[in-house]
Amino acid sequence: MNLKDHIPVLPNWPKPGVDFLDIGGIINNPQVFGYCVGQLVKCVADHDITSIVAVDSRGFLFAGAVGVQSYTPVVLARKKGKLPGLCYSYNYNTEYSQDIIELQATANLGPRPLIIDDLLATGGTILAVNQLIRQSFLVDAVSAAVVINLKFLPGEQRLSDHAILLKSIVDYE
């Protein structure tokens, strides 16, 4: 399947000079969405994953479906103030701003969590979630899976530098 046929490019969004890759074309088509979920489920099985950490907000769409199909618990990584109860937090920079990501302190990640997001660009958000996991929970290894990898940006290399195994479904050179 050529996923690029289902990913519209929106020029100059969210700011001038940025070409935004819209996953709407994937999630609006059950066959294409199912294909992506199936590929991510394989990643869970191949790496004996113990939990899925869904990245706010588009990562939720894929992580929830993968969790159901693979019988793997899903934990939400959300922006500050969106999760109830005691939370661990981590400050980080994104492409466009500074942010704080949180995980509930009661989350049960197990030794091999998988971070799922829709797209990897500079890697800032996934690295922040990785740091939050590693500083707050006992884990053996952290992996990541994304639908779209922008290989022309440094995200993949940055994840590799932090020993995060990456699975992507479609790459843009």
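Every number here is computed from the coordinates shown, using simple stated rules; none is lab data. Predicted, not measured: the structure shown is a model, and the values here were computed from it. Ideal geometry is used to build each Cβ from the backbone, glycine not excepted, and the neighbour counts take in all protein chains shown.
Remarks
- Counting beta carbons within 10 Å around each of Ser51, Ser89, Ser168 and listing the fewest first gives the order Ser89, Ser168, Ser51.
- Listed values for segment 154-163 are Karplus-derived 3J(HN,Hα) couplings in whole Hz (6.51 cos²θ - 1.76 cosθ + 1.60, θ = phi - 60°), namely x, x, 4, 5, 4, 5, 4, 4, 9, 6, and x replaces Gly and Pro.
- Per-residue 3J(HN,Hα) values for segment 40-54, derived from phi via the Karplus relation 6.51 cos²θ - 1.76 cosθ + 1.60 with θ = phi - 60°, read 6, 4, 4, 4, 4, 5, 5, 10, 6, 5, 9, 7, 10, 9, 8 Hz in sequence order (x marks Gly and Pro).
- Lysine pairs within the chain, Cα separation less than 20 Å, 8 or more sequence positions apart or different chains: 4
- Each listed q (0.10, 0.18, 0.20 Å⁻¹) maps to a log10 I(q)/I(0) for the chain, found by the Debye formula over equal Cα scatterers with no solvent: -0.35, -1.19, -1.45.
- Build a GNM of the chain with springs between Cα atoms under 10 Å apart, and of Asp99, Asp46, Asp56 the one that fluctuates most is Asp46.
- Phi-based couplings in Hz for segment 136-149 (Karplus 6.51, -1.76, 1.60; Gly and Pro marked x): 10, 9, 8, 9, 8, 8, 10, 10, 9, 9, 9, 6, 10, 10
- Placing +1 on each Lys and Arg Cβ and -1 on each Asp and Glu Cβ, with no other charges, gives segment 1-101 a dipole about its Cα centre of roughly 280 debye.
- For Ser51, the residues whose amide H sits under 5 Å from its own are Arg112, Leu114, ignoring neighbours fewer than 5 places away on the same chain, with H placed 1.01 Å from N.
- Pairs of Cα atoms nearer than 8 Å and 6+ residues apart set the relative contact order; for the chain it is 17 percent.
- Placing +1 on each Lys and Arg Cβ and -1 on each Asp and Glu Cβ, with no other charges, gives segment 30-172 a dipole about its Cα centre of roughly 220 debye.
- Once both labels are positioned 7 Å from their Cα atoms along Cα-to-Cβ, the gap between Asn91 and Glu173 label points is 4.1 nm.
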